[in-house]
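Report on the structure given below.
Read-outs: derived from the displayed coordinates by stated rules, not from any lab. These numbers were taken from a predicted model, which means no experiment stands behind them. Here the Cβ is made from the backbone with ideal geometry for all residues, glycine too, and neighbour counts use every protein chain on show.
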Amino acid sequence: MERLSNKDGLEFSASAPPSIDAYEEVIKSYLGMRRDLMPKLKGLLKLDDSMPMALVLQTYLYKLAATGPASATAAKIAQRLSTMGGDVSQREQMHMAALDAWLQDQTQHSIEIFDDLLAKYPMDPLAIRIADHLHFYSGNGRRMRDSLARVLPHWPKDHPNCGFVLGMYAFGLEESGDYENAERWGREAVDLNPADAWSVHAVTHIMEMQGRHDEGIAWVKGLEPSWSTVNNFRFHLYWHRALFHLERGETEIALSLYDEQISTDLDADFNLDLCNGASLLWRLQLYGVDVGDRWAALGDYARRHLDDQELIFVSLHYLMAAISSGDAASAAQVTRTIEGWSDKDTWQGRACAEAGVDIAAAVCFINDGDYDAAVTRLRKCRYAIEGIGGSHAQRDLFELLLLHAARHGGEKDIASSLQAQRAAVKPNSRSASMLI
Ligand SMILES: [Fe+2]
């Protein structure tokens, strides 16, 4: 194995120069969320089956899938990587250490390693993206923003991957509440690379947070020919569009988007599809819409993951799917999984203890019609909910659940205080004025 460098000066351990070119192509596909990612990665591993960074990337992808079996596969590849220890570059070693910490769910340590790695190697796009994922899973917009701000000065605008970096920065700014700068960087990212669904998504979030529903629909629809070619992440952009329609009272369009896009590839086991679906159906129901038998397919999906302990944010959506499809036994099983998880001294275990267990209990209480108990549990954890990860727009569902439970419970003072808060935070939202 040789020590080779790419065009940005990053060192790789690889069998020959073509491995570096093939790796760069895989990275472009990964950053672009393209559907040719797995075939390209397979091609790279066929070319160089011991290239450490190819194996590191493969392990990250399995871990990102966030299912029990995929994590087990990730751990096996990491085991193989651990035997390569001393023969690889410092950057590669740092990736392996970050990966190990993540696999043990000691993600704070993983994040610290990525901070150090990126200080030394700010043009490592894989490290930038994985660190960004971990900040997202922590619900930490400021760390997302700052991680990108530290590397940004090193990226020339004419670098083929620069648009991806700007798009991540825009999203970090948005999740930190700096909408003005987020929009400036987000639009620049889209100008540089309109096919980057993540950059389009960053600007979509700004419009969601600012209640710019008409503009949001026009933005997403206008760029659809570009972003709709990406992997299942495209369904998340249809989900965002559905939220804008929901705010305009166009529930039929939201349901059509659910039927024609969001729910059409559940067999892919891409957990964001389940989260999009459960979140949209629950929101529609909050507005009094009969969603028919649509929960059944989401219930089937959830039943495959009742014991997973990967991401509490996702498991809460499994619970919503199980309980709404009428499968009380599966709902009880997910709840037990979350309760057991909360005893673990791990990153996600702590998120369960601080918020996940209470949210799960509240979902069950709402389903049983015990609204006051749901209010108690959600009020207890509401300022820790960020820690379960996801975006502000996604976690807004739990704010809506609290508002809904308070309005249907016996404590009218609490309901009216929450109503006032909602009107201040989301003045353009239907939920600010109408009963849900
Ligand atoms: Fe989003």
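Figures for the structure shown
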{"quantity": "Overall dimensions of the range 101-153 by Cα: Rg and Dmax, Å", "calculated": "10.2, 33"}
{"quantity": "Paramagnetic reach from S433 (point 7 Å along Cα→Cβ, amide N under 18 Å) across the range 217-247", "calculated": "244-247"}
{"quantity": "Pairwise centroid distance, computed over Cα atoms, of the range 373-404 with the range 20-90, Å", "calculated": "35 Å"}
{"quantity": "The range 304-354: trypsin sites (Lys or Arg not before Pro) in DSSP loop, at most 15 other beta carbons within 10 Å", "calculated": "R304, K344"}
{"quantity": "With eigenvalues of the C-alpha gyration tensor scaled by 5 and rooted, the range 273-428, Å", "calculated": "23, 19, 14"}
{"quantity": "Ranked M94, M84, criterion: other C-beta atoms within 10 Å, fewest first", "calculated": "M84, M94"}
{"quantity": "Sparse-neighbourhood loop sites, chymotrypsin sites (Phe, Trp or Tyr not before Pro) in the range 39-103 - DSSP loop, at most 15 other Cβ within 10 angstrom", "calculated": "none"}
{"quantity": "Dipole in debye (nearest 20) - the chain, about Cα centre, beta carbon charges: Lys, Arg +1; Asp, Glu -1", "calculated": "280 debye"}
{"quantity": "Alpha-carbon radius of gyration plus Dmax, which is the widest Cα pair, for the range 322-382 in Å", "calculated": "11.7, 33"}
{"quantity": "The chain, relative contact order in percent, only Cα pairs under 8 angstrom and at least six apart counted", "calculated": "11 percent"}
{"quantity": "Shape of the range 195-291, Cα gyration tensor, a/c cut at 1.5", "calculated": "oblate"}
{"quantity": "Spin-label pair R184/K46, simplified geometry with 7 Å Cα→Cβ offset, distance in nm", "calculated": "4.7 nm"}
{"quantity": "Whole-Å semi-axes of the ellipsoid equivalent to the range 1-141 (Cα gyration tensor, √5λ, descending)", "calculated": "21, 17, 16"}
{"quantity": "Between the range 406-436 and the range 256-320, the alpha-carbon center distance in angstrom", "calculated": "26 Å"}
{"quantity": "Listed residues G390, G167, G68, most fluctuating in the chain (Gaussian network, C-alpha, under 10 Å)", "calculated": "G68"}
{"quantity": "The range 297-347 - charge dipole about Cα centre, Lys and Arg +1 at Cβ, Asp and Glu -1, debye rounded to 20", "calculated": "120 debye"}
{"quantity": "Radius 12 Å from Cβ of P194, net charge of other residues (Lys, Arg +1; Asp, Glu -1)", "calculated": "-3"}
{"quantity": "Length gained when the stretch E215-R248 is fully extended (0.36 nm per residue, less Cα-Cα span)", "calculated": "10.7 nm"}
{"quantity": "Inter-label distance for K412 and A268, nm, one decimal - labels placed 7 Å from Cα along Cα-to-Cβ", "calculated": "4.9 nm"}
{"quantity": "Lysine pairs within the chain, Cα separation less than 15 Å, 8 or more sequence positions apart or different chains", "calculated": "4"}
{"quantity": "Measure of compaction for the range 340-436 (Cα Rg per 2.2 N^0.38 Å)", "calculated": "1.09"}
{"quantity": "Net length gained if the chain between A328 and D146 were fully extended (0.36 nm per residue, minus Cα distance)", "calculated": "61.2 nm"}
{"quantity": "Order by protection proxy (mean Cβ within 10 Å, highest first), peptides 357-367, 372-382", "calculated": "357-367, 372-382"}
{"quantity": "Convex hull per residue volume in Å³, alpha carbons only, for the range 105-242", "calculated": "105 Å³"}
{"quantity": "Global size of the chain as Cα Rg and Dmax, reported in angstrom", "calculated": "21.7, 70"}
